[in-house]
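Inspection log for the structure reproduced underneath, given as structure tokens.
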Amino acid sequence: MSLYVLGDLHLSLGTDKPMDIFKGWDNYVERITENWNGRVNDSDTVVVNGDISWAMSLENTRKDFEYINGRLKGNKIFIKGNHDYWWTTKSKMDKFLLDNGFDTIKILNNNAYLIDGISVCGTRGWINDDGQPFDEKILNREAGRMEATLAEGKRLGGELTVFIHYPPIFGGEKNYYILDILKKYRVRHCYYGHVHGPARKNAFTGEYEGTEFHIASCDSVDFTPVLVKK
């Protein structure tokens, strides 16, 4: 049983939001399907690191979730991305998954999951993008969610591993609200998405204050799940 991560599927099977208009995203659904199923087994788990579906409501995710649940191998754990406008309360999402028989999908939202000795923790995160106002309210909220998920992960007893949508370090910017919590809990590995195309030149990978940072957005990893633990 292995653990993987892949972010930013950007599916639009039930909406009119094509991604293949962007450079490098041609036939991306077929590429995800082939690369995912060529690597992942039914007993494995993949964390889907945000920006899962372009749907604007939970009901409209149905075709995207049918594809993820039925055509992609393994179990999946979802975290929220900045484009997941369908995201609602965990109880509503859990009910939707249950009612529709999406039995390979779980929601990570202020909780954690123990997967073969790994405590899977995560949240959307936030970063002060260049030219945008400093949004302390959102930063504090996401820091609180990171604290909650790591506290639960610690209770579960596995190795604390963080999956986050926004990169805590990007170019010269650092989200200390998140970074300080990662340091506090001695998180060894953090996997992020969100970053695409030319922006990847500013994506930080490597060690910072004891945490190793890894990028896992689809087009950054050739639309192939990244191995976290075998």
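The values are calculated or read from the model by the stated rules, or taken from the named source; none is laboratory data. Note that the structure is a prediction, hence the values are computed from the model and not measured. Cβ atoms come from the backbone with ideal geometry, glycine included; neighbour counts cover every protein chain shown.
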> Which condition number does Leu227 fail, the rest of (1) modelled with pLDDT of 95 or more; (2) out of contact with any Gly (no Cβ under 9 Å at 6 or more places or on another chain); (3) surrounded by 14 or more Cβ atoms within 10 Å (Cβ to Cβ) being met?
Replying inline: (3)
>> Return the residues of region 36-58 that are under 22 Å from Cys121 (Cβ atoms) and crowded, with 19+ Cβ neighbours inside 10 Å; say none if nothing qualifies.
In response: Val40, Asp44, Thr45, Val46, Val47, Val48, Asn49, Gly50, Asp51, Ile52
>> Report every pair of residues separated by at least 6 positions or lying on different chains whose Cβ atoms are under 6 Å apart, first residue within region 140-156 and more than 18 Å from Tyr166 (Cα to Cα), second surrounded by fewer than 20 Cβ atoms within 10 Å (Cβ to Cβ) and not basic (Lys, Arg).
In response: Glu152/Asn111; Leu156/Leu114
>> Could you check region 74-85 and list, in sequence order, the residues that are part of a loop (DSSP other than H, G, I, E, B), free of Cβ contacts under 8 Å to residues at least 60 places away in the same chain and in contact with a Lys or Arg (Cβ under 9 Å, 6 or more places away or on another chain)?
In response: Asp84
>> I'd like to know if region 126-133 contains one or more residues that are at pLDDT below 95 and either buried (at least 20 other Cβ atoms within 10 Å of the Cβ) or in contact with a Lys or Arg (Cβ under 9 Å, 6 or more places away or on another chain) (or both).
In response: yes
>> It is to be established whether one or more residues within region 80-90 are among the basic types (Lys, Arg) and within 18 Å of the chain's Cα centre (by Cα).
In response: yes
> Taking region 190-226 as the search range and keeping residues that are within 14 Å of the chain's Cα centre (by Cα) and part of a strand (DSSP E or B), which one is farthest from His165 (Cα to Cα)?
Replying inline: Val226
>> Out of Thr61, Thr33, Thr88, Thr15, I need the residue that is among the hydroxyl-bearing types (Ser, Thr, Tyr), part of a helix (DSSP H, G or I) and surrounded by fewer than 18 Cβ atoms within 10 Å (Cβ to Cβ). Which one?
In response: Thr33
> Applying the selection to region 91-108, what residues are buried (at least 17 other Cβ atoms within 10 Å of the Cβ) and part of a helix (DSSP H, G or I)?
Replying inline: Met93, Phe96, Leu97
